[in-house]
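All remarks here apply to the structure that follows.
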Amino acid sequence: MKTDLTESIEWVNTLPPTWNVKRLDALAIVKARLGWKGLKAEEYVEEGYIFLSTPNLKGDDIDFENVNYITKARYDESPEIMLREGDVLMVKDGATLGIVALVKSLPAPATVNGSTAVIRSTNDCDSRFLYHWLRSQGIQQLIEKMKGGMGVPHLFQSDLRRFPVALPPIPDQQRIAAYLDEQTEKIDRLMDMRRRQMALLKEQRSALIQQAVTRGLNPNVPMKDSGLPWLGEIPEHWEIVCLKHLCSHIVDCLHATPDYTDDGEYPAIRTADIEPGVMHITKAKKLRYTDYLNQIQRLAPKGGDIVYSREGERFGIAACVPPNVDLCISQRMMHFRCRSENSSEFIMWQLNTHTVYIQALQCVFGATSPHINVETVRNYLLTEPPLSEQREIVAFINAETQKTDRLLLAYHRQLTLLTEYRAALIHECVTGQRLLPEATSP
């Protein structure tokens with residue numbers, strides 16, 4: 001039997017003969033909070049009943065620690081979404097729409113906010129199988145099709161109830177779920193190990209840059225106290241100078257969102273387009289020529305200039321403009337041009353260090369969108385070695401970071417392949433395309 005959402009789904013005609021296709025509401029109860037019932041954030045309490053929101057759903061896990069709490073009266077008013085072990089949760093609103101989590105255990109009584117659906121399977125469907133099914137490629141692709149064109153992505157309960165479920169007999173459901181639990185756990189452990197290795201490599205990379213631009217490359221050089229508690233000692237022949245004395249131009253953005261367009265030719269660099277020492281021009285939004293001219297009215301970036309993020313979650317990141325590219329800065333960005341007697345790359349690497357970030361933190365404003373005043377940036381205190389030494393340090397950093405970046409790229413590719421393999425494995429198992437090893441007798 002087919003449901004009304006199976007027409008465009010390729011796997012329907014390749015299911016094993018003993019499998020059926022049923023609507024989700026024939027196998028599970030689908031419930032969600034009906035609005036907020038007037039609930040406001042001011043009503044959250046220090047201790048009470050766990051109130052999960054979408055950030056608490058991590059895909060394979062549920063964060064029961066960093067949660068809000070509501071009173072017993074608010075918890076009791078919606079008994080249909082009081083969570084039980086075995087419930088499947090799906091985000092039905094917002095950017096993370098479609099994320100699925102399984103309630104494996106409950107540390108305390110809990111419920112969910114209005115952006116999460118609670119799916120409780122009946123005796124005809126194993127909850128762990130249903131969890132794997134709802135996060136499979138077929139259902140996630142269906143969700144992508146259904147949310148297309150929406151301003152704020154949303155799934156109605158009526159849509160969820162119509163979702164198709166490929167259903168083998170209960171013993172096969174349990175065997176598939178147990179196999180996927182075991183195999184995905186192995187894959188997840190490997191992915192976690194790779195992420196930890198990547199984090200460690202990034203820490204080592206930052207430490208290497210920090211050491212090079214604040215201590216130099218010669219371990220035997222005489223040192224002196226910089227007079228700055230966050231910096232400590234520096235080579236005796238180095239100076240401490242304000243950023244504004246190292247630059248001929250320090251330019252802020254126009255503080256207006258430019259008119260991005262798909263057919264534009266001129267990249268407008270945002271905070272999302274830079275990482276320490278790297279500018280991602282190809283993924284930057286584009287402007288037409290007239291809008292580009294407006295953006296560069298204060299200063300047109302040229303090769304070797306520095307762009308710097310001074311606002312938002314990713315503030316305090318610097319990268320150099322590559323040669324022979326016409327681009328401009330967008331919102332939340334600044335643009336520096338160094339004096340000829342200084343190496344812009346040396347200053348750029350220094351702007352990415354912890355010692356400069358500490359200076360920024362002293363004058364950060366705003367909680368939801370932190371930002372740094374232009375005057376604070378202009379007065380950053382940086383080290384200034386002789387130009388020849390700046391160039392030696394830059395060459396050293398570039399050579400060492402290239403090695404690290406190659407390894408990071410390899411690990412990133414491995415994570416991509418593991419993610420793809422994991423998704424394919426789940427899809428093949430929950431649609432009967434993969435033959436599983438027979439269960440062994442105890």
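Which one of these is in contact (Cβ under 8 Å) with a residue 24 or more places away in the chain, surrounded by fewer than 14 Cβ atoms within 10 Å (Cβ to Cβ) and closer than 30 Å to D61 by Cβ: P164, P169? Just a single option satisfies the conditions, and that option is P169. Filtered by the rule that a residue be part of a loop (DSSP other than H, G, I, E, B) and touching an Asp or Glu at 6+ places or on another chain (Cβ under 7 Å), region 107-122 gives a lone residue, S115. Contact map, region 390-406: residues that are under 14 Å from A207 (Cβ atoms) paired with residues that are charged (D, E, K, R) and assigned to a helix (DSSP H, G or I), Cβ distance under 9 Å, separation 6+ or inter-chain. Pairs shown: I397/E345; E400/R205; T401/R205; T404/K202; T404/R205. Would a scan of region 352-366 turn up a residue that is farther than 25 Å from G232 by Cβ and not aromatic (F, W, Y)? For region 352-366, residues farther than 25 Å from G232 by Cβ and not aromatic (F, W, Y): present.
Here's the yes/no breakdown for (1) among the polar types (S, T, N, Q); (2) modelled with pLDDT of 95 or more; (3) in contact with a Ser or Thr (Cβ under 9 Å, 6 or more places away or on another chain); (4) assigned by TED's automatic domain parsing to the domain that holds M146:
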position: I70; (1), (2), (3), (4): no, no, yes, yes
position: R74; (1), (2), (3), (4): no, no, yes, yes
position: I81; (1), (2), (3), (4): no, no, yes, yes
position: K104; (1), (2), (3), (4): no, no, no, yes
position: V112; (1), (2), (3), (4): no, no, yes, yes
position: T116; (1), (2), (3), (4): yes, no, yes, yes
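Kindly indicate whether any position in region 261-269 is within 26 Å of P322 (Cβ to Cβ), among the hydrophobic types (A, V, I, L, M, F, W, C) and either surrounded by fewer than 17 Cβ atoms within 10 Å (Cβ to Cβ) or in the same structural domain as E375 (by TED's automatic domain parsing) (or both). Scanning region 261-269, I find at least one residue that is within 26 Å of P322 (Cβ to Cβ), among the hydrophobic types (A, V, I, L, M, F, W, C) and either surrounded by fewer than 17 Cβ atoms within 10 Å (Cβ to Cβ) or in the same structural domain as E375 (by TED's automatic domain parsing) (or both), so the answer is yes. State yes or no: is A318 of a type in the set (G, A, S), under 23 Å from R378 (Cβ atoms) and touching a Leu at 6+ places or on another chain (Cβ under 6 Å)? Considered against the rule, which asks whether it is of a type in the set (G, A, S), under 23 Å from R378 (Cβ atoms) and touching a Leu at 6+ places or on another chain (Cβ under 6 Å), A318 comes out as yes. Can you find even one residue in region 37-59 that is within 30 Å of D192 (Cβ to Cβ), at pLDDT below 75, assigned to a loop (DSSP other than H, G, I, E, B) and of a type outside the set (S, T, N, Q)? Yes, some residue in region 37-59 is within 30 Å of D192 (Cβ to Cβ), at pLDDT below 75, assigned to a loop (DSSP other than H, G, I, E, B) and of a type outside the set (S, T, N, Q).
The values are calculated or read from the model by the stated rules, or taken from the named source; none is laboratory data. Since this is a predicted model, take the numbers as computed values, not measurements. Quick reminder, even Gly has a Cβ in these numbers, built from the backbone with ideal geometry, and neighbours come from all protein chains shown.
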